[in-house]
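The values are calculated or read from the model by the stated rules, or taken from the named source; none is laboratory data. Since the model is a prediction, treat every value here as computed from it, not as a measurement. Cβ coordinates were reconstructed from backbone atoms using ideal geometry, including for glycine residues, and neighbour counts include every protein chain displayed. Heavy atoms of the whole protein, side chains included, go into the accessibility calculation; ligands, DNA and RNA do not. Shrake-Rupley method; radii C 1.70, N 1.55, O 1.52, S 1.80 Å.
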Amino acid sequence: MSDEAGRTSPIETNTAYKELVDRLNRDWLFGGAAPASGSLKHRSLYRIRRFLARLVGTQEHFNASVVQFVNTLNEAAGPALGALDDVERHREALAARERRMEGEMARMRAEHEELRTTLGVLRQSNHDLAREIERARGAAAPLGAGAVLPAAVTGAAGSPAAPPPVAALSHKYVGFEDQFRGSPEDIRARLIPYADLFAGASDVLDVGCGRGEFLALLAERGISARGIDVNESMVEVCRQKGLSAAREDALAYLRGRPAGSLGGLLAAQVVEHLDPGYLTNLLDAAWAALRPDSVVVIETINPACWFAFFESYIRDITHVRPLHPDTLKYLLLASGFEQVEIRYRSPYPEHEKLQRVAGASLGDAADVLNANAEKINRLLFTHLDYAAVARRA
């Protein structure tokens, strides 16, 4: 029995040692032991070997001394070898117990992750409920006796109206973002290169501002900005940070802006949530609201990377349609934007890609395997996101 490193176990060593001692005790006598019985030929051969043994008696004497020493050593080491067997059995028992503990820890980690998700949703739901209670108190204060709430609040039959789909998902989606998109620190680090593109700008609009990571980066650089989002819970998170944000529909907001009133626009992980018709109208409205030479940055999941599509895109139930880099570039150009550049982001880790085969002995087969691995890597394991960076003409 050998361990994972290829080392021989103490039990194997002990067995081999005993076999060696038995062989020494059997073969030390030059010519072998006398036959108990046998033919005349065998007895004659034995006498010849014994005659030769007398000629080399010194060697036989040496052999006897070695065997005697080994036997003495074996007697002294016997308890130790038995202890080694016990140690090996104990080690194997500990290894089995460790494997069981690792399985149990994996189960506990999975349960902890489920609890973390549930607590995150409950925490955000509680926060939203408290906010709605405060709003209801404020709205109810000026109402006199017998006042009737508007139908938009009570519903047609006087019962509480069901929340619209976006509101119903509001607090849950905050938890979803926290768990799957990344922590605020991770998102902030990813957005820093975009913030640098808006140096010297003002009146920048962050469409789909989320938790306000990009707004905070602009504020640190002294760039005036405002965020809009359809998720009320996200907007509330921004306001708690002292950032300018409002719950607005992006298309309606841009169409309501005066021409040339915006100095830049960012939409990070937004366009994949939009229908094609809405998206094209949004780009047209953005072009009209932006000042000449303003920077536009639109980041989205890269569906040309199969891993990104199956691992990230289809996991989010609010996604509507993926956008290939060529498609988004074309739509920007068609809406009047210029200098459109596709910048790929979030490369897939190199060490997790299919690795090249090394070995001259494989000859042409290695070249074929490596070429195929490169093709698969380009399809499956390329950049997870991309950004289209453009300027308003």
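Would you check if there is a residue in the range 361-369 being at positive phi, modelled with pLDDT under 75 and under 23 Å from the mean Cα position of the chain (by Cα)? Lay out the reasoning, then the answer.
Filtering the range 361-369 down to residues at positive phi leaves 363.
Then drop every residue that is not modelled with pLDDT under 75, which leaves 363.
Subsequent filtering for residues that are under 23 Å from the mean Cα position of the chain (by Cα) retains none.
No, because not a single residue in the range 361-369 is at positive phi, modelled with pLDDT under 75 and under 23 Å from the mean Cα position of the chain (by Cα).
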Problem set entry | Contacts under 9 angstrom Cβ, first residue in the range 256-282 being within 12 Å of Leu331 (Cβ to Cβ) and open to solvent by 40 Å² or more (accessible area, probe 1.4 Å), partner part of a loop (DSSP other than H, G, I, E, B) and of a type outside the set (Val, Ile, Thr), 6 or more apart | Pro276/Arg321; Thr280/Ser335
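Check every one of the strands (runs of 3 or more DSSP E) wholly within the range 214-330 and list those with 2 or more residues that are of a type in the set (D, E, K, R) and under 23 Å from Tyr386 (Cα atoms). Before the answer, list the steps.
On the way: elements: 225-229, 245-247, 262-268, 290-301.
The qualifying strands (runs of 3 or more DSSP E) are 290-301.
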Seminar exercise, completed: The number of residues in the range 374-393 that are of a type in the set (A, V, I, L, M, F, W, C), assigned to a helix (DSSP H, G or I) and either modelled with pLDDT of 70 or more or buried (at least 16 other Cβ atoms within 10 Å of the Cβ) (or both) is 2
Seminar exercise, completed: Filtering the range 263-300 down to residues that are farther than 19 Å from Val230 by Cβ and among the hydrophobic types (A, V, I, L, M, F, W, C) yields Trp287, Ala288, Leu290, Val295, Val296, Val297
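What do you reckon, is Ala189 more than 24 Å from Leu251 (Cα to Cα), hydrophobic (A, V, I, L, M, F, W, C), in a helix (DSSP H, G or I) and at pLDDT below 95?
On the way: more than 24 Å from Leu251 (Cα to Cα): yes; hydrophobic (A, V, I, L, M, F, W, C): yes; in a helix (DSSP H, G or I): yes; at pLDDT below 95: yes.
It is true that Ala189 is more than 24 Å from Leu251 (Cα to Cα), hydrophobic (A, V, I, L, M, F, W, C), in a helix (DSSP H, G or I) and at pLDDT below 95.
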Exercise. Restricting attention to the range 195-213, and to residues there that are under 17 Å from Ala390 (Cα atoms) and free of Cβ contacts under 8 Å to residues at least 60 places away in the same chain, which single residue is surrounded by the most Cβ atoms within 10 Å (Cβ to Cβ)?
Worked result: Ala195
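Residue-by-condition table, conditions (1) touching a Ser or Thr at 6+ places or on another chain (Cβ under 7 Å); (2) among the aliphatic types (A, V, I, L, M); (3) farther than 25 Å from Arg190 by Cβ:
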{"position": "Leu218", "(1), (2), (3)": "no, yes, no"}
{"position": "Asp229", "(1), (2), (3)": "no, no, no"}
{"position": "Val237", "(1), (2), (3)": "no, yes, no"}
{"position": "Lys241", "(1), (2), (3)": "no, no, no"}
{"position": "Ala246", "(1), (2), (3)": "no, yes, no"}
{"position": "Ala252", "(1), (2), (3)": "no, yes, yes"}
{"position": "Ser261", "(1), (2), (3)": "no, no, yes"}
{"position": "Gln269", "(1), (2), (3)": "yes, no, no"}
{"position": "Asp275", "(1), (2), (3)": "no, no, yes"}
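Hey, does the range 213-227 have a residue that's under 17 Å from Val340 (Cα atoms) and of a type in the set (D, E, K, R)? Outline the logic, then answer.
Going through the range 213-227, the residues under 17 Å from Val340 (Cα atoms) turn out to be none.
No, every residue in the range 213-227 fails to be under 17 Å from Val340 (Cα atoms) and of a type in the set (D, E, K, R).
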Exercise. Somewhere in the range 293-310, is a residue open to solvent by 50 Å² or more (accessible area, probe 1.4 Å) and at pLDDT 95 or above?
Worked result: yes
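Residue check: is Ile228 modelled with pLDDT of 95 or more, within 31 Å of the chain's Cα centre (by Cα) and open to solvent by less than 30 Å² (accessible area, probe 1.4 Å)?
Numbers: modelled with pLDDT of 95 or more: yes; within 31 Å of the chain's Cα centre (by Cα): yes; open to solvent by less than 30 Å² (accessible area, probe 1.4 Å): yes.
Taking the combined requirement at face value, the residue satisfies it.
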Problem set entry | Members of the range 289-310 found to be more than 13 Å from His383 (Cα to Cα) and out of contact with any helix residue (DSSP H, G or I) (no Cβ under 7 Å at 6 or more places or on another chain), listed by number | Leu290, Arg291, Pro292, Asp293, Ser294, Phe310
Exercise. Just to be sure, is Asp249 within 21 Å of Phe214 (Cα to Cα) and either in contact with a strand residue (DSSP E or B) (Cβ under 7 Å, 6 or more places away or on another chain) or among the aromatic types (Phe, Trp, Tyr) (or both)?
Worked result: no
